[in-house]
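Reviewing the structure listed below.
The values are calculated or read from the model by the stated rules, or taken from the named source; none is laboratory data. In this text the structure is predicted, and so the values were computed from the model without any measurement. With ideal geometry, Cβ positions are generated from the backbone for all residues, glycine too; neighbour counts draw on all protein chains shown.
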Amino acid sequence: MDSINTANTEFCLDVFKELNSNNTGENIFFSPLSLLYALSMILLGARGNSAQQMEKVLHFNHIAEAFEPKLNSSSQCSHTGRIHSEFGDLFSQINQPNANYTLSIASRLYGSKAEAFNVTYLNCSEELYQTRLQTVDFSQSTEETRKTINAWIESKTNGKVTNLFTKGTIDPASVLVLVNAIYFKGRWQHQFQERETVKRPFHLPGGKSVFVEMMNQIGTFKLAFIMEPEMRVLELPYVDNSLSMVILLPMGSTNLEQIEKQLNLKTFHKWTHAADLTEREVEVHIPRFKLEIKYELNSLLQSLGMKDVFNQIKANLSGMSSAKGLFLSKVIHKAYVDVNEEGTEAAAANGLNVVVKRLPLRVQFMANHPFLFFIRHIHTNTILFCGKLVSP
């Protein structure tokens with residue numbers, strides 16, 4: 001399971017850096033876990049170079065036993081390799097039915113009726129990923145298909161993710177479309193009081209400021225002081241301490257870009273390592289904000305190295321269908337987050353040291369300038385969401 005979490009974190013940081021390079025100065029929000037889950041459904045049917053490229057991009061190629069058959073299993077899908085069943089195990093740990101939060105991943109493959117899909121693939125995607133490939137008529141019923149997909153996504157995300165495909169965005173020539181949306185709602189362990197929320201300036205890059213609703217509370221939270229680059233790391237738990245939001249806030253002369261440049265698997269683990277986050281009394285000031293961002297990820301995934309699966313000639317999805325010419329037409333991901341007083345509603349180096357001694361009794365955490373934030377499952381250390389708030 002640790003290896004899947006490592007793959008999830010590495011994939012998360014890869015996607016973040018790619019989005020960041022293409023959207024400089026803009027808010028970012030996505031769910032690496034949701035994307036990894038959805039793309040693994042494609043990997044289940046990929047073969048040859050298409051599969052190898054996907055394994056590398058998803059960082060599954062470092063997991064030695066990932067594609068070994070699961071021994072002593074009565075499942076007809078045991079031949080698919082452990083990575084698929086372990087992914088299901090991880091998700092079932094995170095998405096407990098009795099959890100005090102709501103997490104709904106809506107992932108579905110829509111394939112052209114003109115294609116003949118393998119029964120084994122259809123059955124295994126349902127067993128391992130709790131979803132079947134849905135056949136639709138892209139060419140003759142484009143608009144009806146668009147409405148069908150939008151309605152399904154909206155129903156799966158509590159009405160928060162709407163109109164995933166706007167009119168005219170589905171190509172009648174599409175043969176295989178992957179849609180992926182995620183909805184999350186959690187309550188803070190220590191809620192902010194609405195009466196304490198006041199308007200304060202939030203400093204934007206470039207020297208300008210906007211007034212935002214700034215939430216405030218004083219409480220005991222886990223906090224770390226990172227010296228290089230200078231930042232404060234705060235962990236805000238949700239009810240039951242199953243999930244938490246971790247905020248990386250630049251301090252002093254450090255700006256967010258300096259943190260982003262040093263962000264990798266090693267530094268992320270170092271900066272957010274639970275043992276280095278010390279409980280203390282903190283005066284917390286964070287803005288109320290809401291983000292709803294949709295990404296078409298074809299070009300991003302190709303930039304990361306997942307090229308063949310999008311190419312009509314080179315794609316090898318023979319595990320999904322024996323038909324020639326089957327390729328992935330489009331990958332759409334949409335995530336929604338609403339951070340407020342009650343909680344969060346969301347539908348996506350050398351010389352490094354952490355200072356934990358001789359700190360003032362009460363520390364101020366004033367998030368009135370751009371920061372990074374991550375929502376993670378504490379027990380498995382899995383990143384559910386990754387975000388960058390530049391402008392609330």
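The rows are residues; the columns are (1) under 25 Å from the mean Cα position of the chain (by Cα); (2) basic (Lys, Arg).
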{"site": "ASN180", "(1), (2)": "yes, no"}
{"site": "GLY186", "(1), (2)": "yes, no"}
{"site": "ARG195", "(1), (2)": "no, yes"}
{"site": "GLY206", "(1), (2)": "no, no"}
{"site": "MET214", "(1), (2)": "no, no"}
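One residue stands out among those in the stretch 148-184 that are out of contact with any helix residue (DSSP H, G or I) (no Cβ under 9 Å at 6 or more places or on another chain) and hydroxyl-bearing (Ser, Thr, Tyr): the one that is surrounded by the most Cβ atoms within 10 Å (Cβ to Cβ), which is THR157. Summed over the stretch 364-375, the residues that are touching a helix residue (DSSP H, G or I) at 6+ places or on another chain (Cβ under 8 Å) and assigned to a strand (DSSP E or B) give a count of 3.
In a residue-by-residue description of the stretch 334-345, the property of being at pLDDT below 80 and either surrounded by fewer than 17 Cβ atoms within 10 Å (Cβ to Cβ) or more than 30 Å from PHE225 (Cα to Cα) (or both) applies to at least one position. Filter the stretch 1-32 for residues that are in a helix (DSSP H, G or I), of a type in the set (A, V, I, L, M) and farther than 17 Å from LEU300 by Cβ and give the result. Result: ILE4, ALA7.
Pairing residues of the stretch 305-324 that are more than 18 Å from ASN118 (Cα to Cα) with residues that are of a type in the set (Phe, Trp, Tyr), at Cβ distances under 7 Å and at least 6 apart in sequence or on separate chains, gives PHE310/PHE327; ASN311/PHE327; GLN312/PHE327. When the stretch 116-132 is filtered for residues that are within 13 Å of HIS84 (Cβ to Cβ) and of a type in the set (D, E, K, R), the ones remaining, listed by number, are GLU126, GLU127. Residues of the stretch 226-244 that are modelled with pLDDT under 90 and more than 23 Å from the chain's Cα centre (by Cα): ILE226, MET227, GLU228. So, in the stretch 280-315, of the ones that are in a strand (DSSP E or B) and of a type in the set (Phe, Trp, Tyr), which residue ends up farthest from ILE218 (Cα to Cα)? Only one residue fits best here, namely TYR295. For the residues SER321, SER303, the requirement of being among the polar types (S, T, N, Q) and at pLDDT below 90 singles out SER321.
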